[in-house]
Amino acid sequence: MTTFCVGVIVQLWMYCYFANKITAETDAVGDSAYSSEWYEADAACKRSLGIVITRAQKRTPFTVGKFTELSLDTFASILKGSYTYLMLLIEARG
């Protein structure tokens with residue numbers, strides 16, 4: 001039973017960790033595009049970078065079936081809730 005629980009926790013952590021990492025990298029795309037020397041580019045490139053910067057202003061996190069965002073904060077919240085329920089069951093048991 002312990003091995004199963006550890007396996008589930010590790011699997012959940014992996015999903016949350018990599019989703020958090022990808023979301024952070026995605027958030028940095030707009031900053032990188034703005035920090036580039038876009039003002040020296042031709043008009044078509046300026047337009048394209050403007051679209052990239054505009055699109056990057058809207059955050060697009062990974063979600064769990066439109067219920068909650070998949071991130072390390074969610075992972076911590078799930079672990080805290082699970083521990084609370086476990087302690088409640090142990091207390092109720094005796």
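The values are calculated or read from the model by the stated rules, or taken from the named source; none is laboratory data. Treat the numbers as computed from the prediction; the structure is a model and nothing was measured. Glycine also receives a Cβ, built like all others from the backbone with ideal geometry; neighbour counts cover every protein chain displayed.
Quick notes on this one:
- In the stretch 39-80, of all residues being β-branched (V, I, T) and under 30 Å from C5 (Cα atoms), the one that is surrounded by the most Cβ atoms within 10 Å (Cβ to Cβ) corresponds to T74.
- Of all residue pairs spaced 6 or more apart or on separate chains, those with beta-carbon atoms under 9 Å, a first member in the stretch 40-56 that is touching a residue at least 24 places away in the same chain (Cβ under 8 Å) and a second member that is of a type in the set (D, E, K, R) are A56/D27; A56/D31.
- Scan of the stretch 49-94 for residues that are acidic (D, E), part of a helix (DSSP H, G or I) and either under 17 Å from T23 (Cα atoms) or in contact with a helix residue (DSSP H, G or I) (Cβ under 6 Å, 6 or more places away or on another chain) (or both), ordered by number: D73
- Counted residues, the stretch 33-45 - those being modelled with pLDDT of 90 or more, of a type in the set (D, E, K, R) and in a helix (DSSP H, G or I): 0
- Residues (within 10 Å of the chain's Cα centre (by Cα) and under 15 Å from T74 (Cα atoms)) located in the stretch 25-64: P61, F62, T63
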